[in-house]
Amino acid sequence: MPTMKDVAKLAEVSVGSVSKYFNGIALKEKTKLAIEKAVKELNYEPNIYAKGLKINRTNTVVLIIPSIWNPFFSELTFHIEKELRKHEIKLILYNSENSIENEIQFITMSRQNKVDGIIAVTYSNIDKYISESLPFVSIDRFFSHKTNFVSSDNYSGGRLATEMLIKHGSKNLAYIGHGSKYSNDTISRLNGFKDYCSEHNIFNQICYNAGTREEFETEVDNFIKKFIITKKIDGIFSSTDAHAFYILEKLENLNISVPEDVQIIGFDGAKSSKREKNYLSTIRQDIEEIAVQSVKILVDTIENKENMENKTNVKIPVTFLSGKTTKPIL
């Protein structure tokens, strides 16, 4: 395997000049062209890891997500990797499967492997495992101590979903959501829903569960029997698209027509492909902008570690996407 010395010898320049070339330092055009020719002939590849050790950087960042199967997290991963690439930073992806044990292990491994920083979507109690010396950006979750935080404007999204259900003809509303035992900003979707209903005297019911998935689904089934089958509710705001599709499937199995009998609005708006058209009416998160801001904050923190105590919180606006689960506005 060729070395930097071999490049310097073939190019008839000093090793220092070759080092400057790979570090982006300006050289005479003649020297630059000679090095480029030697690199090509020798098929030389610089040891990026060794370079990183010298400057205390590995040019790697860890992304922790609950599940790659959720379209929101898949799209988020795509955009984060794309943004990191612009900074010549490699991405290491950890899929936690909503396991706190996995998340703790991933954070520990990240520290041991000297990664430059972590971006995480976690709904577990991992506060004490986050090192204040390791740049960290949290998406959708506040921690007990100061942490960089990026989130959609979930509260405005909850209000917007409620407003759209009313504008599209619903009169009696329900919020259906599965939460976490630990505080995170997605609860603001419920708060936005409740406040809008209160301000406009709208009849509403809430089906919210922070237990297991099985417990949540059992509660949803009971809620449908009590309020949907009996036609007490004609509009549903679901905390996520995934939950909205679960509700939609249940209603279809009961021969309840959507949107004729019940309208549904979800929250996420992620797509499995660029050309996919949205079937579900939903509150669309600007996933690309979440990625852009998360990477920007993390890179700024990495490059300015002396100012790590200065934390950044960013709220990103959401929009409504009309699909086939709401009626046309009359």
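Checking each residue of segment 107-120 against the condition of being farther than 30 Å from Met4 by Cα, out of contact with any Pro (no Cβ under 7 Å at 6 or more places or on another chain) and of a type in the set (S, T, N, Q) gives at least one match. Only residues that are loosely packed, with under 12 Cβ neighbours inside 10 Å and either outside any helix (DSSP H, G or I) or in contact with a Lys or Arg (Cβ under 9 Å, 6 or more places away or on another chain) (or both) were counted in segment 204-215, giving 1. The residue of segment 75-111 that is nearest to Ser239 (Cα to Cα), among those that are crowded, with 17+ Cβ neighbours inside 10 Å and of a type in the set (Gly, Ala, Ser), is Ser96. Figure legend. Inter-residue proximity from segment 233-256: first residues at positive phi, second residues of a type in the set (S, T, N, Q) and open to solvent by less than 40 Å² (accessible area, probe 1.4 Å), beta-carbon distance below 8 Å, spacing 6+ or different chains. No pairs are indicated. For Asn191, the criteria (1) surrounded by fewer than 21 Cβ atoms within 10 Å (Cβ to Cβ); (2) part of a loop (DSSP other than H, G, I, E, B); (3) of a type outside the set (Lys, Arg) hold in every case but one, which is (2). Only residues that are out of contact with any Gly (no Cβ under 6 Å at 6 or more places or on another chain) and not in a helix (DSSP H, G or I) were counted in segment 233-266, giving 18.
Restricting Lys114, Lys40 to residues that are part of a helix (DSSP H, G or I) and either under 28 Å from Ser131 (Cα atoms) or not β-branched (Val, Ile, Thr) (or both) narrows the list to Lys40. So, of the residues in segment 227-248 that are charged (D, E, K, R) and farther than 19 Å from Lys271 by Cα, which turns out to be most open to solvent (accessible area, probe 1.4 Å)? Per the stated criteria, the residue is Lys231.
The values are calculated or read from the model by the stated rules, or taken from the named source; none is laboratory data. Here the structure is a predicted model, which means the values were calculated and not measured. Glycine gets a Cβ as well: all are built from the backbone with ideal geometry, and neighbour counts include every protein chain shown. The protein model used for the area step is the full one, side chains on, heavy atoms only, and it has no ligands, DNA or RNA in it. Shrake-Rupley method; radii C 1.70, N 1.55, O 1.52, S 1.80 Å.
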